[in-house]
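Worksheet: one structure, shown below.
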Amino acid sequence: MIRNYFLRHAQVFFYVLGQLWRTPVATFLTVAVIGITLALPAGLYVAIENVQRVASGWEDNGQISLFLKQDLPEPAIEKLSNKIRRLPAVSWVDYVSREAALAEFKKLSGFGEALGALERNPLPPVLVVHPAAKHAHPKALQSLLQELRRYNEVELAQLDLEWVQRLYAMLDVARQGVLILTAGLAVAVLLIIGNTIRLAVLNRRDEIEIIKLIGGTNAFIRRPFLYSGTLQGLFGGFLAWLLIGIGLLLLSGPVHRLASLYGSLFTLENLGFLATLTLIGTGGLLGWLGSRLAVGRHLRAIEPR
């Protein structure tokens, strides 16, 4: 019983595969439209993931600068530094004295002579807090920043990579946009598959009426159409993956040259194994669903005369 069940499905599978092979132009056009439609949101997803990889490399260098009160004595600064160093989210703390800060500012600003005319050093002492690796992401850094601002000795606490947080916020907006685009394009794939299957059902209307006359069930008639929609969806998902790979290959050279100018070894990454399976599986699922809806609607309208 089970063997016959799988045998019938195998027969239908190869029958549909042969039909698609015998109509290469129509099959290619349908698969191409599905592939391009699926490649748009998947390509944006890959782009966002690569941008996030770049941002994660920058955020690992994040640090918080604590500008202390100018009249704070050295023992109090040392005590505060040790207290901060013991925090779980902190890796180490660098102390920049007022004299060292002024000497560095003179060197970098080019106003050494003008600054030498000042009667007193206007710069405060600074503690540079380096977060631990597992706390070097925007949410943890923001939490650490709020905690460090509570110390009375701190005049101003500044996160040096606040722009990374803004980048992550923009990436979140982009992800929501990709989800909305994906939903809209998924409906488009359903319509494409549904219309293709609708035409196939109408072209075989006489054959379907004869099958119903001799006792064929709707499930029996529906099966090849479901396989046809599913296979076209799977081929479309594979084509989408192929298009994304070609696009990344074309961009890899310019991106590598740009990264080398900044001393980086960054390279573009394609979809991972699970993401690739998800893309192809989504194409197959949409193909099955679109054909199911189209066949179910039109089979009910076809009855033997």
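The residue that is farthest from GLN11 (Cα to Cα), counting only those in the range 201-219 that are under 41 Å from the mean Cα position of the chain (by Cα) and surrounded by fewer than 14 Cβ atoms within 10 Å (Cβ to Cβ), is LEU202. When you scan the range 274-293, do you find a residue that is open to solvent by 50 Å² or more (accessible area, probe 1.4 Å), among the charged types (D, E, K, R), modelled with pLDDT of 75 or more and out of contact with any Leu (no Cβ under 7 Å at 6 or more places or on another chain), even just one? No - not one qualifying residue is present in the range 274-293.
Going residue by residue through the range 236-259, is there one that turns out to be of a type in the set (D, E, K, R), within 41 Å of the chain's Cα centre (by Cα) and crowded, with 19+ Cβ neighbours inside 10 Å?
Filtering the range 236-259 down to residues of a type in the set (D, E, K, R) leaves 257.
The next check asks that each one be within 41 Å of the chain's Cα centre (by Cα); those that pass are 257.
Still in the running and crowded, with 19+ Cβ neighbours inside 10 Å: none.
Scanning the range 236-259, I find no residue that is of a type in the set (D, E, K, R), within 41 Å of the chain's Cα centre (by Cα) and crowded, with 19+ Cβ neighbours inside 10 Å, so the answer is no.
The values are calculated or read from the model by the stated rules, or taken from the named source; none is laboratory data. This is a predicted model, so every value here is computed, not measured. Virtual Cβ from ideal backbone geometry, glycine too; neighbours counted across all protein chains shown. Surface accessibility is based on the protein's heavy atoms, side chains included, excluding ligands, DNA and RNA. Shrake-Rupley method; radii C 1.70, N 1.55, O 1.52, S 1.80 Å.
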